[in-house]
1. What about residue 57, is it part of a strand (DSSP E or B) and on the phi < 0 side of the Ramachandran plot?
2. Quick one: residue 47 ticks every box in (1) in contact (Cβ under 8 Å) with a residue 40 or more places away in the chain; (2) in contact with a helix residue (DSSP H, G or I) (Cβ under 9 Å, 6 or more places away or on another chain); (3) within 16 Å of the ligand (Cβ to nearest atom) except a single one, so which number is it?
3. On the phi < 0 side of the Ramachandran plot, within 16 Å of the ligand (Cβ to nearest atom), in a helix (DSSP H, G or I) and under 15 Å from the mean Cα position of the chain (by Cα) - does that describe any residue in the range 67-88?
4. Test residue 53 against the stated conditions and say whether it is away from the ligand (no atom under 16 Å from the Cβ) and exposed (fewer than 14 other Cβ atoms within 10 Å of the Cβ).
5. Filter the range 29-44 down to the residues that are closer than 16 Å to residue 74 by Cα and within 13 Å of the ligand (Cβ to nearest atom), then identify the one that is surrounded by the most Cβ atoms within 10 Å (Cβ to Cβ).
Ligand SMILES: [Zn+2]
């Protein structure tokens with residue numbers, strides 16, 4: 001088994017807060033990340049595909065194809081956006097790196113043409129990163145003016 005990784009970059013803003021909490025609770029938990037108008041990150045996304053090399057091409061996956069999939073499905077939709085408001089597939093989700101990584105995995109998994117999606121690694125900064133290997137997890141999506149919530 002070999003592991004092939006494509007790295008890409010995007011810049012986006014977000015605000016971390018739980019709409020079912022008071023301002024005081026949000027400040028206590030999310031602190032500066034709860035800034036009303038958000039704050040930005042230069043994200044680095046690494047997507048790894050595992051598989052065996054095709055005998056005719058030597059590729060596990062053509063990295064140009066993997067690049068194009070990540071650009072089309074993810075980067076074009078999140079780059080220079082506010083993740084709380086501008087991105088359909090993140091609506092109602094607290095946009096932590098953890099939750100974003102799970103959502104990215106769910107988008108990409110079925111789109112990988114050869115090999116299998118192995119990991120989604122999302123760097124929020126040089127020092128903070130999240131890595132997801134696809135084990136089932138539940139993330140909460142807050143719906144319709146935050147009056148109720150459901151698990152996705
Ligand atoms: Zn942040």
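The numbers here are math on the coordinates, done by the rules we state, and not lab data. This structure is a prediction, so every number in the text was calculated from the model and none was measured. Every residue, glycine among them, receives a Cβ derived from its backbone with ideal geometry; neighbour counts consider all protein chains shown.
1. Details: part of a strand (DSSP E or B): no; on the phi < 0 side of the Ramachandran plot: yes.
The answer is no for residue 57.
2. (3)
3. Within the range 67-88 (the criterion being on the phi < 0 side of the Ramachandran plot, within 16 Å of the ligand (Cβ to nearest atom), in a helix (DSSP H, G or I) and under 15 Å from the mean Cα position of the chain (by Cα)), the answer is yes, since at least one residue qualifies.
4. Answer is no for this residue.
5. Restricting attention to the range 29-44, the residues satisfying the condition of being closer than 16 Å to residue 74 by Cα are 41-44.
From what's left, within 13 Å of the ligand (Cβ to nearest atom): 41-43.
On the way: 41: 17, 42: 12, 43: 22.
Looking at the filtered set, the residue picked out is 43.
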